[in-house]
Amino acid sequence: MAAEDSRYRESSQFRQWSFSPAQLASMRDKANTLARTSIADRLSTSPPNNAGTNPMSAPTSSANTPDPDGGTPSLPEFLTPAEEALLVTFYTSELLRAGDHAEMGDEIKATAATFFRRFYVTNSIMTYPPQQMLIVALFFGCKAEGAFPRITDFAHTFGKEDPQDILAGEFLLCQGIRFCFDVKHPFRALRGAMMELRKLGDIDASRIDSAERRARDILRFSPLVTDAYFHYTPSQTMYAALSHADRGLVERLIQETFHYVAPPTNSGPDTPTASSDTSTLAASRRDTNKGDDGNKAAIIGAYIRDKVLGTIEACRDMLAKEMPERREHWSNKTVIKAQIAPLRKKLNKCHDPDRWDLVKLQKVRREQALKKSDSEDGEPGDRVASSEGDASLFGGDLATAQRDAKRRKVGAKGLDDPFGGAL
């Protein structure tokens with residue numbers, strides 16, 4: 001147990017992507033505030049969108065509309081952190097539907113959904129387009145799980161003619177998830193729990209199989225559209241899903257795990273009388289193992305058992321908000337029209353104009369990197385001046401000296417055989 005726990009604590013999922021609810025809410029509020037500030041600055045300083053364009057093709061957004069009094073353009077209404085969280089949940093469900101459409105495995109879809117939700121912890125949904133980033137997350141999730149589809153085939157699966165529409169956001173996604181590509185899922189923990197239950201031998205096999213199917217169905221959806229991966233370990237998430245399927249099996253597993261009972265320290269009245277030598281030996285053994293008993297009690301005693309049960313119950317309550325039956329809720333046209341469509345319309349007006357087109361953004365950043373590289377190398381005149389300065393300092397033209405040294409080396413080997421004489 002301790003070895004498994006220490007290994008998980010060394011993973012990037014625990015060190016980089018595990019937060020308390022307050023920490024997670026604070027990070028999302030900060031991302032929303034930064035996005036509002038940067039988008040407001042861009043919209044207030046950029047020219048109107050419909051300047052010099054065809055009125056028939058002008059956007060219908062009222063963002064950046066000039067003030068009739070000649071003042072600064074009026075700013076759109078921005079999304080709140082709660083509205084962003086609702087859209088992220090909706091697009092996560094859309095990602096899972098897209099994975100089902102492409103017939104992807106459970107772990108690929110789970111990894112892609114985790115990447116997507118991690119990305120929008122430190123980035124606002126108003127900054128980068130979620131419709132495009134969910135496809136990028138699916139493509140990179142395939143590679144993170146060892147599946148490497150052809151980009152052209154993958155793009156055609158989702159109706160993309162140009163593969164650059166996907167590749168343009170790939171490095172951006174990697175930056176957003178802090179290059180943490182290893183995601184720990186609860187599916188393996190569920191398989192291990194089922195093996196432990198079958199090994200007990202006194203539980204009906206059909207009951208175990210039914211609970212496994214239901215728990216797996218929950219794990220395919222509920223933790224991925226909630227914040228369970230940010231707050232709980234894979235084993236805690238597995239226990240929470242299994243408790244929804246069959247609470248009795250979870251209680252049995254907890255009972256078998258945290259079963260430690262301290263041994264009696266004194267002989268009772270019914271204990272057979274032992275010789276003095278045997279009693280002395282037993283007492284010495286009790287003194288020797290006293291420290292071991294304390295360690296066992298700390299690891300598998302009642303205190304830790306109650307603490308684990310409390311954590312499982314909290315995770316269970318979180319999963320209960322998005323049970324697998326809610327898949328139909330997020331794809332229901334009435335729900336989309338009432339809850340999602342107004343937020344999409346709001347997003348179309350307040351998104352970042354400079355970062356919404358990922359292909360264009362990638363092109364601009366490459367040009368900026370090229371210009372920076374050229375400026376660091378310096379102009380040709382600067383390089384000549386630098387060479388002359390080195391010559392005056394060290395004596396002679398360094399470039400000429402290097403060329404002369406190469407000529408002497410080639411001349412020494414002979415012109416007939418540039419590789420030298422026979423060995």
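Give the residue from L172, F148, T122 lying farthest towards the positive end of the charge dipole for segment 90-192; charges sit on Cβ (+1 for Lys and Arg, -1 for Asp and Glu) and the dipole is referred to the Cα centre.
Result: T122, furthest along the dipole toward the positive end.
So which GluC sites (Glu not before Pro) in segment 306-372 pass both tests, a DSSP loop state and at most 13 other Cβ atoms within 10 Å of the Cβ?
Working: sites: E313, E322, E325, E328, E367; in loops: E322.
In loop regions of segment 306-372 (DSSP not H, G, I, E or B), there are no sparsely surrounded GluC sites (Glu not before Pro).
Solvent-accessible area of V250, probe 1.4 Å, all protein chains present, reported in Å² to the nearest ten, please.
About 10 Å², rounded to the nearest 10.
Using the Cα centre of segment 118-193 as the reference point, and only Cβ charges (+1 on K/R, -1 on D/E), how large is the resulting charge dipole? Debye, rounded to the nearest 20.
Roughly 460 debye for segment 118-193.
Can you list which of the chymotrypsin sites (Phe, Trp or Tyr not before Pro) found in segment 145-231 are DSSP loop residues with at most 11 other C-beta atoms within 10 Å?
F179
With all protein chains present, calculate the accessible area of T89 using a 1.4 Å probe and round the result to the nearest 10 Å².
Surface accessible to solvent at T89 totals approximately 20 Å².
Given a cut-off of 21 Å, name the pairs among K30/K109; K143/K360; K109/K143; K160/K360; K109/K184 whose C-alpha atoms lie farther apart than that in the structure shown.
The answer is K30/K109; K143/K360.
Ignoring ligands and nucleic acids, what accessible area does H156 show with a 1.4 Å probe (Å², nearest 10)?
120
Looking at segment 87-164, which trypsin sites (Lys or Arg not before Pro) are in a loop (DSSP not H, G, I, E or B) and have at most 15 other Cβ atoms within 10 Å?
Answer by residue number: R150.
With point charges of +1 on the Cβ of Lys and Arg and -1 on the Cβ of Asp and Glu, referenced to the Cα centre of segment 118-239, which listed residue (S235, L197, V183) lies farthest in the positive direction of the dipole?
Selected residue: L197.
Give me the net charge for the shell around K30: Cβ to Cβ below 13 angstrom, other residues only, Lys and Arg +1, Asp and Glu -1.
0
The values are calculated or read from the model by the stated rules, or taken from the named source; none is laboratory data. Since this is a predicted model, take the numbers as computed values, not measurements. Backbone-built Cβ (ideal geometry, glycine too); neighbour counts: all protein chains shown. Ligands, DNA and RNA are stripped out before the accessible areas are found, and what is left, the full protein with its side chains, is counted by its heavy atoms. Shrake-Rupley method; radii C 1.70, N 1.55, O 1.52, S 1.80 Å.
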